[in-house]
Amino acid sequence: MPEPILTPEHKLWRAVLEQAHTDAECAPGESEADGSAPKERVRARRFLTAGTLLDFACLRFVCDLAEVPNDRVIRWARERYAAAAG
């Protein structure tokens with residue numbers, strides 16, 4: 001099977017996924033006073049795990065534009081961020 005041609009548009013949408021991953025991995029250094037996770041981390045993990053119907057639709061849209069299988073992203077994220085998916 002030939003390698004997909006990565007256009008600048010594909011690279012842009014892959015960068016969106018990469019930023020979501022970076023946000024999901026951010027350190028709790030910016031945590032709230034009660035010790036909870038930063039909002040960006042919570043949102044990114046919910047997005048990557050398709051925690052809501054809206055998150056699923058948005059992730060599917062981004063993955064389609066990036067030409068990345070969304071089912072693999074969701075499976076990976078749910079395994080990695082099991083607590084966020086629950």
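Backbone amide hydrogens, once placed in the peptide plane, bring residue 67 within less than 5 Å of nothing, excluding anything fewer than 5 places away on its chain. Find out how many positive minus negative residues lie around residue 47, taking Lys and Arg as positive, Asp and Glu as negative, among other residues whose Cβ is under 9 Å from that of residue 47. Summing Lys/Arg as +1 and Asp/Glu as -1 gives +1. Among 43, 75, the ranking by other beta carbons within 10 Å of each residue's beta carbon, starting with the fewest, stands as 75, 43. Taking packing as the residue-averaged number of other Cβ atoms within 10 angstrom, the listed peptides 47-57, 64-74 run from highest to lowest as 47-57, 64-74.
Please give the net charge around residue 3, taking every other residue with its beta carbon less than 15 angstrom from that of residue 3, where Lys and Arg add +1 and Asp and Glu add -1.
That sum, taken over residues with Cβ under 15 Å, equals +1.
If R0 is 35 Å, the Cβ-Cβ spacing of residue 6 and residue 40 corresponds to a FRET efficiency of close to 0.85.
Readers should treat all values here as calculations from the given coordinates under stated rules, not as data from a laboratory. Bear in mind that the values here come from a model prediction, so they are computed numbers and not experimental data. So basically every Cβ, Gly included, is an ideal-geometry build from the backbone, and we count neighbours across all protein chains shown.
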